[in-house]
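Undergrad: Okay, handing you the structure first.
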């Protein structure tokens, strides 16, 4: 019968119940062992089986200990196999077995088996730098196991010498079998052990740890090895406090994005992202496991920094769009580096003056600079040369080419334009003929017809057209627009502006260009921001008739406030939708819009209250006579955002902190949001932030939090933590009034 | 009605390890497939199938709730006869409810797909048929019985009790070689949880992320992309065994000598070129 079939049925037996392993292993070993002359398939199966067996959580490590001694010769033979698959599995099995043999040696002083294990260990360590990568990663894991058992574990309290400590490496899960005994570590080795020298083991572990850390800082293009090492180190940190700080410190010096300077091949991109993510997962895990870790601040900074670097490295639009400002005028964005476009030069070339043209005029492209210059002013040719050569060198080839083209175009136009011949403008067609072909008197009909064909129809061209001063043409006054038309055209315009916004989005929203300060003109650069400013002001101020109503309402003049107002509303709607379409990225637009709204409300109420002593300062909820738009818009936007915000969306924090005015109703939304258990933390974070950085709303924040604490059972722990600092008296009251909370919650919900 | 196709599929495959002459693809396979509860078939169009006598990596697909993306991928991988299990990383199984603020929430590892299906059908059959939930659930209940939580998974614990799941053959020992998550959040959660699990098996596992939006269409496309990735990986792994097989380590030369593991970044990079809309991540972790 096929040996693999037999083996497989033995294995399924063991998979069914882990207790069979001790009886199955002796039966299997002769088939897969070194003396069996097994086929490659059998050896592969055997190595896999050993790895699986000694890793299995279904039988306890106590039972594994005697069994593992019997497989040492087999493992040792497998390590010298010529198939990588066999070696890989053998190293995995060795990693599971090493702690067991180690513990066995500690208690039994069993020298021969320990020598076997040492031989396996040195075999593996020898391969570590030279084996194929697939094997090397397994060696890394083996080394990590060695480090684990050869460094002192958590200081064990001799009184509670067992069940609570974490289970040893590579063995059962406490849930599966009985309570674990001690963590296998250096702490178990007595100082006077005759086989195991305490100091040697410790020194070896420290050396091996250095080797692992060297891998992390070594070849960054070998992501396989680096991520394997990082992921293996993760388990050492919580379980071996003595070396945890060394490991974390080393990882914090690791730059996962070092490859950024090498060519951005798809492979390098994958590698970099993967290493970055792996590092992050490891560090986040460290922080989560031990929130009081002294390293946490540094880890935090490191993660922040890495995040920024990653954005820099991978955000290609960011890197490639350094000069985005000129793009609104319809240039090809793919040529953005050319700051001075080709077209404008020819556009700037003024048309030739009508009538006869001198060569000087023909070649003068810049009428402002040209005429004043006269070469004859240079008496000394040497001087002229010394100026001319550098000037010629510095000429931009494209500019020169454009200029030449412009002149050429002029020249061709001159040649082609018989209606404006050089000398006698007033001369009839015949004159011209005479000039070119003086001796050719008779014309046949055909020629005349041809000439007439090519000439512009005579009745359209008055004789002395060139000299006649043109009377300025005035368009007749357009009929006034109806209200519907105003609305329609207004909407259309808005839609077009928003359409343009989305086409501008990519370059400008991400550009890193330094923000200009207060002195900038709001909408001078034709980028996304300036259009947003224009829109927001159009929405807020146009109907307000504030500054210069003519300017904004020209097209709607005579249609009264109503039409304007409707347009403002539709702009607001459009802005709202625009922001919500991609609210995380467009939150800044929302904020600047709300700022405009707020500003306008202020100005309006000031105007309305002119004379009275009403002070428009303060953040409170002082009832304003002018019923502004800010609050309405802010609430609407916030409601919409909250519907989509997830617990991790810190953007909301930014939004809440940057909108100009907060009141109770707005902050109550945080409470509402906290009804979703996933977003409690976010809501509290917002309140905490506002409490710290916006003192005017402090009280409201506290009130909202108290409210939340009283009514939201799940938010209680988080809220009380902060209330302890802000308003401890509530907490003490809270216990007393607990009975009333049911009523209280009803009340609050009614608000 | 759902039990039969599963049995028909998994029975012939279970004999795989012992079979000397490899059984041809299960004969009962192309039976006029039972229609799902709302008229959809439970098998994707016949795609590539890895013959049972070839080497196979073991796969694991992971999304947030073990309902949509991971299950679609589970089905596609299992249909290609790749050993597959699947998990969710969320704290609870969350499905859309009547409104955005009222999701339907279930516990992992206990609530069966069938129970969820029944409950939702009672709650509002029309709504959930229209948004595809019932459809999805009836697909899922033909794949396995309940959503499983990744964090509760004990690697190396035999899964003999899952023998009827699709893609079960090959996963009996409860170990995998490749994990594929469908969202960066899940990728992070998986890496993190593997740290918590502590790598007790000392067994390397390639963890991938393929970013897929959580809707039915994207899940379908994403499933194809995952299958593509899985087949590429499996082919490379199988090749390694051939190259380094009987002829021995010295047999190959140059790139042919590269083993499977070190080829993974290249395979992923090549895959990424083919599927540029699903940003990928990868890490070698330990179970």
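Undergrad: So if R0 is 56 Å, what FRET efficiency would residue A:607 and residue A:359 give, r being the distance between their Cβ atoms, rounded to the nearest 0.05? Don't skip to the end; give the middle numbers.
TA: Values: r = 63 Å, r/R0 = 1.13.
Between residue A:607 and residue A:359 the formula returns 0.30.
Undergrad: Peptides B:107-118, A:529-540: what's the order by average Cβ count within 10 Å, highest mean first? It would help to have the intermediate numbers written out before the result.
TA: Details: B:107-118: 16.8, A:529-540: 21.8.
Highest mean packing first, the order is A:529-540, B:107-118.
Undergrad: Quick check on packing: order A:141-148, A:71-78 by the mean number of other C-beta atoms within 10 Å, highest mean leading. Don't skip to the end; give the middle numbers.
TA: Numbers: A:141-148: 25.1, A:71-78: 21.4.
Order by mean packing, descending: A:141-148, A:71-78.
Undergrad: Between residue A:108 and residue A:20, what is the spin-label point distance in nm, taking each point 7 Å from the Cα along the Cα→C-beta axis?
TA: 2.5
Undergrad: To continue, here is another question. So what is the relative contact order of region A:1-137, in percent, for Cα pairs below 8 Å that sit 6 or more residues apart?
TA: On the way: 125 pairs, mean separation 30.5, N = 137.
It rounds to 22 percent for region A:1-137.
Undergrad: Going by a ≥ b ≥ c, the root eigenvalues of the Cα gyration tensor, does region A:655-731 fall in the rounded group (a/c under 1.5), the prolate group (a/b larger than b/c) or the oblate group? Walk me through the numbers before you get to the answer.
TA: Working: a/c = 1.79, a/b = 1.25, b/c = 1.43.
The shape class here is oblate.
Undergrad: Right, here's the next one. Return the FRET efficiency for the residue pair residue A:399, residue A:12: r is the Cβ-Cβ distance, R0 is 56 Å, and the value is rounded to the nearest 0.05. Intermediate results must be reported in sequence, preceding the final value.
TA: Details: r = 82 Å, r/R0 = 1.46.
Efficiency at R0 = 56 Å is approximately 0.10.
Undergrad: How crowded by other chains is B:187-195, given as the mean number of beta carbons from other chains within 10 Å of each beta carbon? Mind dumping the intermediate values first?
TA: Details: counts 4, 6, 1, 1, 11, 9, 2, 5, 15.
Rounded to a whole number, the mean comes out at 6.
Undergrad: Where does each of A:266-279, A:297-310, B:263-276 land if you order them by average Cβ count within 10 Å, highest first?
TA: Details: A:266-279: 22.7, A:297-310: 14.2, B:263-276: 18.3.
Ranking the peptides A:266-279, A:297-310, B:263-276 by packing returns A:266-279, B:263-276, A:297-310.
Undergrad: Please compute, for peptide A:218-225, the average count of beta-carbon atoms on other protein chains lying within 10 Å of each residue's beta-carbon. Could you put the intermediate results ahead of the total?
TA: Numbers: counts 0, 0, 0, 1, 2, 7, 11, 3.
Average neighbour count from other chains, rounded to a whole number: 3.
Undergrad: If you don't mind, there's one more thing I want to ask. Put a dot 7 Å past each Cα toward the Cβ at residue B:105 and residue B:235; how far apart are the dots in nm?
TA: My value for the distance between the label points is 4.5 nm.
Undergrad: Here's something else I'd like to know. Residues of A:6-14, mean number of Cβ from any other protein chain within 10 Å of their own Cβ, rounded to a whole number?
TA: Working: counts 1, 2, 3, 2, 0, 3, 7, 0, 2.
If you average over the peptide's residues, the count of other-chain Cβ atoms is 2.
Undergrad: Please compute the length gained on full extension between residue A:635 and residue A:379, using 0.36 nm multiplied by the number of residues separating them and subtracting their Cα-Cα distance. Intermediate results must be reported in sequence, preceding the final value.
TA: Working: separation 256, 0.36 × 256 = 92.16 nm, distance 7.69 nm.
Difference between extended and current length: 84.5 nm.
Undergrad: For A:192, A:663, what's the fewest-to-most ordering of other Cβ within 10 Å of each Cβ? Provide the component values of the computation, followed by the final result.
TA: Values: A:192 7, A:663 16.
By the 10 Å Cβ count, ascending: A:192, A:663.
Undergrad: Give the order of A:103, A:714 when sorted by the count of other beta carbons within 10 angstrom, beginning with the fewest. Walk me through the numbers before you get to the answer.
TA: Numbers: A:103 21, A:714 13.
Fewest-to-most Cβ neighbours within 10 Å comes out as A:714, A:103.
Undergrad: Sequence gap at least 6, Cα distance under 8 Å: using those rules, report the relative contact order of region A:244-316 to the nearest whole percent. Walk me through the intermediate numbers first.
TA: Details: 27 pairs, mean separation 26.5, N = 73.
So the answer I get is 36 percent.
Undergrad: So, one more: At a 10 Å Cβ-Cβ cut-off, how would you order A:61, A:732, A:9, B:145, fewest neighbours first? Please list the in-between numbers first.
TA: On the way: A:61 23, A:732 8, A:9 11, B:145 19.
Listed from fewest to most nearby Cβ atoms, that is A:732, A:9, B:145, A:61.
Undergrad: If you stretched the chain out fully between residue A:489 and residue A:126, how much longer would it get, using 0.36 nm times the residue separation minus the C-alpha to C-alpha distance? Intermediate values should be presented prior to the final figure.
TA: Working: separation 363, 0.36 × 363 = 130.68 nm, distance 7.97 nm.
Result for the pair: 122.7 nm of gain on full extension.
Undergrad: Take the Cα gyration tensor of region A:91-147, multiply each eigenvalue by 5, square-root it, and list the three semi-axes largest first, rounded to whole angstrom. Show your work: numbers first, answer last.
TA: Numbers: eigenvalues 101, 24, 10 Å².
Value: 22, 11, 7 Å, ordered largest first.
Undergrad: Okay, moving on. By the gyration tensor of its Cα atoms, with a ≥ b ≥ c the square roots of the eigenvalues, what is the shape of region A:244-316: rounded for a/c under 1.5, prolate for a/b over b/c, or oblate? Let's see the in-between values first.
TA: Working: a/c = 2.50, a/b = 2.23, b/c = 1.12.
Prolate is the answer for region A:244-316, as a/c is 1.5 or above and a/b outweighs b/c.
A short reminder: the numbers here are calculations on the coordinates, not readings from a lab. Note that the structure is a prediction, hence the values are computed from the model and not measured. Positions of Cβ are backbone-derived with ideal geometry, glycine not excepted, and every protein chain shown enters the neighbour counts.
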